[in-house]
Every structure is written in C-alpha cells, then in structure tokens.
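Every read-out reported here was derived from the displayed coordinates using simple, explicitly stated rules and does not represent laboratory data. These numbers come from a predicted model, not from an experiment. Cβ: placed from backbone, ideal geometry, glycine included. Neighbour counts: every protein chain shown.
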Amino acid sequence: FTILAIESSCDDTACALVRSDGTIISEQIYSQKEHIRFGGVVPEIAARAHLYHLRNLVEKMINTSNLSWNEIDAVAATCGPGLIGGVIVGSSFAKGLALSQNKPFIAINHIEAHALTVRIPNISNIQVQFPYLLLLTSGGHCQCIEVTDVGHYRHLGGTIDDAAGEAFDKVAKMLGLPWPGGPALEVLAKEGDEDRFALPRPLYGRPGCDFSFSGLKTAVGNLLSDYDTTVPLPRTLAADIAASFQKTITQSILNRLENAIQMVSGISLLATAGGVAANKYLRNHLLNLANKYNLPFIAPPMQYCTDNAVMIGWAAIEILQQARQNHMIIDDIAILPRPRWPLSELSQRIHHKG
Ligand code: ATP
Ligand code: FE
C-alpha cells in the first residue's frame, strides 16, 4: 500500500509518497530560509511558511508521481512533538486531504518516526530487526532508547538540560557561524586542532546514560570571554574551538552510550537518528564503538537524519502493518496536535476492531 505523508514540526515543510516495500515514490522538501536573518527558528514565521508552501509542494509531488488518489491508501502527518503552529498546519492539512478523499488518517509521533527510520528497506544495507539500541540526537532531543517493537520504546536515558543539536547550534552562534549552526560547525571543525582546548564533559564516567550539555556550552562561552568578540574571531581560533567542542561532545555521547550498551541485552545492532546523527565525526566514532562491542552500526543517509516526510510515511506503514496483524483498523482523525508527546504516551492512538 501507499501513504501520503506530511512533516511540518519545525522548519522543514516536507511531503512524501512512500510504498510499504520502502520505495520512495516521490518527495518534496522546502527548508525554510525565512529564519536565516533571525539566527534561529521563529515559531510564528515557521507556521505561516508551512501554510504558504505546503499546498504547492503536495501538488507538485502528486503531479510528478503520476499517482492518482485511487492508488493512495492513507494520509499521515506529524501530530507532535514540535512547534505547535507548524504541527497544527500540517496535521490539519493532512486531515483535510484524508476526509476529502475518504482515506484513513494516521497521526505520527515525530520522535517515533526518527526512531524507525533505520528500518526503511533500501536505506540500510541490512534489514534492521527488533530489538535495537538507538541514539536519538536532534535539535530538541537526546535520548538512548531500546526499540523493542513498533510503539514500544524503552527509555534508557536522556538529556537533563540541552539537546545535543541545541548545543551545536548555540556554540556555532557564539563562533559567529550562520544558522543553522550544526552543519557549519562540522565544516569549520575539519580545519581545527581538536586537542587545543580541554573542555568539561558533564556526567562523563558516571553510571547511567543520561546526558548533559549545558555546562559544555557555558565553558565555550567562558573561553570566548578571553577574546574580543566584537570583531570576527581569527579563523584558526574559531576552528580550534569548533574541533575541540565537537570532540568533547562526541566523547560525552560515546561514554553515555557505552553505559547504555551494557544496560541492554540481546540487541541486534546500534543505530542512530536525528539531525545531529548527520555529523560524520560523530558517526565515525559511533561505528568504532559498535565495532568494540561486535555490533553492526546503522545510520540513515544524511537527508533522512534531519527532518523529512519519508520517515513519517514509513512510521505510518509500520503502524498500519502492526494494526493489520492484530485485525485492527486505525482511525486517528480525532487525535489533536500536541507540542509535547513523549514516546511513553503513544497509546493515544484510536483502534477499531477490523
Ligand atoms: P526534534 O527532532 O528533536 O524535534 P528538530 O526536528 O529540530 O528537533 P532535526 O531536524 O532532527 O531536529 O535536527 C536538527 C538539528 O540537527 C539542529 O540542531 C542541527 O544543528 C543539527 N545538525 C544537523 N546537521 C548537523 C551536523 N552535521 N553536525 C551537527 N549537528 C547537526
Ligand atoms: Fe526532528
């Protein structure tokens, strides 16, 4: 079967047509430029930009796919967590499409979609089986999760302050890099000396797998207070700080994740997802960690680490397949958009006996 999916929880307006065998029939994404001059995502502007762009993107996608509505089985959209204005726009648009075309609507949790991305056939070179250990690290989240089944996520640890992506973005801003900061910081760090500055690694060496990044961010701020920041920083200095920061945050993540590996048993592999998982330096170190424990390591291609609608469509496919196996019919039209929606509260979905 085929799903039309919509994602609008942050600053990417995205839609996709995804088939249950994992084929991406067609996809459109518009990464909002509207926020560049503000140096960060402005929620009100994001919501209006989704409203402005979504209709054209969906129309373009359907036209290029050559599919007719007869060949589309359901409509799915992110219903949370995320910036609520955008979530309302995308989910209401999707519900409107579903009702007008008489298709079921499937409400998707954005974090669940990130978590299931590695299972999309064709994007990984191995078939990812449950259970697996997942490092989910993005702009708003940083968590270690044991993914035991669709809808079943064991939270092993999470950040007690900032998300990793937030730390990347804030440090990038301090270094004078353009928004979005994470990718720009990675590029700059390539030129730098990662051993020049010793930065603190909050929670390093402690038991458990919670994360903390705000102390690291503050330490970079303190370091910069020794320099004149009214003029652009010398490039080598900025690069050395970027590299030292990237190394330190990677070491922190690896230390916490190593504890997580020891907390679970019987996992098939180590996986990662979320925008920060697009970082190649981090990916290389995650691969080394996985090798140390004889685990395969899977990371989605870059464009499916950051926000996209393909992962929303795929999550819908997994949910539908699970419902069919249990002779259930999904009807999520009454699910309302939520700014917060922890994975532990996924049972909201409305099932009818088929
Ligand atoms: P969430 O998924 O938690 O709701 P989000 O949707 O805003 O948050 P994503 O699109 O998944 O987040 O990820 C965006 C984040 O990833 C940003 O903080 C961005 O800086 C970071 N990021 C993207 N690419 C890189 C990179 N190459 N290195 C480091 N960070 C990166
Ligand atoms: Fe995201």
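Relative contact order of the stretch 1-158, taken over Cα pairs closer than 8 Å and 6 or more residues apart, is 20 percent. When restricted to Cα atoms, the stretch 218-354 yields an Rg and a Dmax of 21.1, 67 Å, respectively.
The peptide list 115-127, 317-329, put in order of mean Cβ contacts within 10 Å with the highest first, becomes 115-127, 317-329. Within the chain, the whole DSSP H helices whose Cα atoms reach 24 Å or more along their own axis and whose mean Kyte-Doolittle score is at least 0.0 are 84-101, 235-263. For the stretch 303-354, the alpha carbon convex hull comes to 102 Å³ per residue, rounded to a whole number.
Legend: translational diffusion of the chain by Stokes-Einstein, Rh = Kirkwood radius over C-alpha pairs, 4 °C, 1.567 mPa s; D = 62 µm²/s. Distance from the alpha carbon centroid of the stretch 183-223 to that of the stretch 64-114 works out to 38 angstrom. Counting other Cβ atoms within 10 Å as a rough exposure proxy, the listed residues 186, 34, 44 run 44, 34, 186 from fewest neighbours to most. What pairs from 217/292; 173/292; 33/103; 190/217; 217/280 go past 31 Å between their alpha carbons? Violating the 31 Å limit, Cα to Cα: 173/292; 33/103. Across the stretch 199-274, C-alpha contacts under 8 Å between residues 6 or more apart give a mean separation that, scaled by the residue count, equals a relative contact order of 44 percent.
Taking a straight Cα-Cα cut-off under 20 Å and skipping sequence neighbours fewer than 8 places away in the same chain, the aspartates and glutamates within cross-link reach of residue 60 are 7, 11, 12, 27, 71, 73, 307.
Take every pair of alpha-carbon atoms less than 8 Å apart whose residues are at least six positions apart; their mean separation over the length of the chain yields a relative contact order of 22 percent.
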